[in-house]
Amino acid sequence: MIKHLRSAADLDAATATLILDTAAEMAALAGREVKKLPTLRGRTVVNLFYEDSTRTRISFEAAAKRLSADVINFSAKGSSVSKGESLKDTALTLQAMGADAVVIRHSASGAPHRLASWVDGSVINAGDGTHEHPTQALLDAYTMRSRLGRLDGLKVAIVGDVLHSRVARSNVLLLSTLGAQVTLVGPPTLIPVDIAAALEPKTKVSYDLDSVLPDMDVVMMLRVQTERMQDSYFPSAREYSRRYGLDLARMRKLPEHAIVMHPGPMNRGMEITPEVADSSRSTIVEQVANGVSARMAVLYLLLGGKA
Ligand code: ASP
Ligand code: CP
């Protein structure tokens, strides 16, 4: 088993499949009256969040607690980071407290890689800048597999602000490893020209959402990440929605069995309409629940559990 999960590229097909299979076993636990396993008793998991998060932070905390680990939640707001303390010194402080795993979210791409050279424990990337979000890709793959029964040969469209999306990057890598065929869709300004080739040569690119939908098993809508935009990448929000937003009329172009995903948080009315987000084809709430199982599997396996 790997020690760190910094990128979806750290996972080969066998390791990724083992994590998904373990997540399925963890999910079975959620239905029981007592949801706890004693597996990580005596181990310490630190959640180190330099960037805001709802789903990822809560689900890592729930995952670690369900495995009986001691959990320390650190958020940069309210910490000595405001006094200028560096990531390295913060990491060494956590190290001194005996962290067996550090889950890090940071606005700087590559922060988990740096951290791994300073601490002894496992480092898990919970989202670094515009780079990667590997546990999101795992929970997404888990959701696709449990809804559609397979990943190999699955056709997945990832739609919208690919340029700023760490979710898109990690999904392209993981889904390709597991045999799915990814098509990136969005305005040319939000899909870097060389991204498909750089990430995975089999990835396709399209600027026309309507023509792609009839052939897809999964459509994953991405949030338009205005907080990362220094320039204007499209004429207006209305124009963006008109061409790349998923509304009911567009959703009907999908095959009957196809599912609609979104990592959250959503801009309802921008990349996805409320009717689509709340429809029976949407797996958005399910993704959040699956996030706990997937993160339990990651913590369990990285910290030395057997399959
Ligand atoms: N929550 C995801 C992330 O942190 C996606 C998003 O923010 O749009 O990358
Ligand atoms: N999907 C996701 O990472 O959500 P948060 O930013 O709320 O953690």
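The numbers here are math on the coordinates, done by the rules we state, and not lab data. Predicted model only: the values in this text are computed from it and were never measured. Every residue, glycine as well, gets a Cβ built from its backbone with ideal geometry; the counts of neighbours run over all protein chains shown.
Here are some notes:
- Every residue from the range 71-95 that is closer than 20 Å to H4 by Cβ and either assigned to a helix (DSSP H, G or I) or in contact with a Gly (Cβ under 8 Å, 6 or more places away or on another chain) (or both): L87, K88, T90, A91, L92, T93, L94, Q95
- Taking the listed residues D161, D140, D210, the one that is acidic (D, E) and outside any helix (DSSP H, G or I) is D161, with no other qualifying.
- From L67, L29, L48, L40, residue being within 30 Å of L199 (Cβ to Cβ) and either of a type outside the set (F, W, Y) or touching a residue at least 12 places away in the same chain (Cβ under 8 Å) (or both): L48
- Taken over the range 264-300, residues that are within 16 Å of ligand 2 (Cβ to nearest atom), surrounded by fewer than 21 Cβ atoms within 10 Å (Cβ to Cβ) and in a helix (DSSP H, G or I) amount to 6.
- Residues that are within 16 Å of ligand 1 (Cβ to nearest atom) and under 20 Å from S236 (Cβ atoms), drawn from the range 247-270: M266, N267, R268, G269, M270
- Any hit, the range 210-233, residues being of a type outside the set (S, T, Y), in contact with a Phe, Trp or Tyr (Cβ under 8 Å, 6 or more places away or on another chain), in contact (Cβ under 8 Å) with a residue 24 or more places away in the chain and more than 16 Å from ligand 2 (Cβ to nearest atom): no
- Every residue from the range 271-305 that is among the acidic types (D, E) and either within 28 Å of L5 (Cβ to Cβ) or within 16 Å of ligand 1 (Cβ to nearest atom) (or both): E271, E286
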